[in-house]
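The values are calculated or read from the model by the stated rules, or taken from the named source; none is laboratory data. This is a predicted model, so every value here is computed, not measured. All Cβ positions, even for glycine, are placed from backbone atoms using ideal geometry, and neighbour counts span all protein chains on display.
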Amino acid sequence: MSRALVRLAPLLLAFTACSSSPSGRAPASSTETSGTPAAASGADNPSPATSTGDGTAPSAPASASADDGGAAASEAGPSPCPSNDTSIETYQANLMQMGQSKQIQFVLVDSKPGPPIVGINTFTLRLLDASGNAIPSATFPTIKLWMPYMRHGSSVIPSVMSNGDGTYSIHTIDLIMAGVWQFTFTAQSGSTKDTAMYTFCVLQH
Ligand SMILES: [Cu+2]
């Protein structure tokens, strides 16, 4: 049995070899095999490509880690605001700003969202007179939103609603892009008129 298989095996190999070659598939298989080395050489080309891909792959995480490091090193890394601009204030609730004429104290009670972000924001402002008394019936002749570096503002004019307690809701503060924004409020109460400006670095959410 085993001898018969040993004797048959070369015959079967020879037969299959002969049967495949005259079948006409042999040229096809030869072109396939010639295509296979081409694919192999192509595989050699991709393999260096993948090796360089492996080389770029570590460099890509390296750059990603560099980005992470930059973001971690300073949150202003991806920030659209210059880090050396000392006029930029850090947003916090109840941020007080004495008016330029020292007649009215402006207190930014909060921003919703806070800190202000690109999009529609609502500020709540508290107005106090020089003695620290609430000013419940002020008007806002001008509210200016301005990007000082780009020299443009917002096309939307904010609307003001008095809450009756000396606080005012400033609606539709539309910040159309990230960057440094100046928020200049001019408030008037009787003959008292004063202006204060807040400066924030506005980010995407
Ligand atoms: Cu801008």
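Give me the strands (runs of 3 or more DSSP E) completely within segment 95-205, filtered to those with at least 3 residues that are more than 16 Å from the ligand (Cβ to nearest atom) and among the aliphatic types (A, V, I, L, M), ordered by residue number. Working first, answer last.
Details: elements: 95-98, 104-112, 119-129, 139-147, 159-162, 167-175, 179-189, 192-202.
Counting at least 3 such residues, we get 95-98, 104-112, 119-129.
Quickly run through segment 112-130 and pick out the residues that are within 16 Å of THR167 (Cα to Cα) and either aromatic (Phe, Trp, Tyr) or without any contact (Cβ under 8 Å) to a residue 24 or more places away in the chain (or both). The answer is LYS112, PHE123.
Based on this model, can you work out whether SER87 counts as of a type in the set (S, T, N, Q), within 30 Å of SER191 (Cα to Cα) and not assigned by TED's automatic domain parsing to the domain that holds PRO148?
Numbers: of a type in the set (S, T, N, Q): yes; within 30 Å of SER191 (Cα to Cα): yes; not assigned by TED's automatic domain parsing to the domain that holds PRO148: yes.
Criteria met by SER87.
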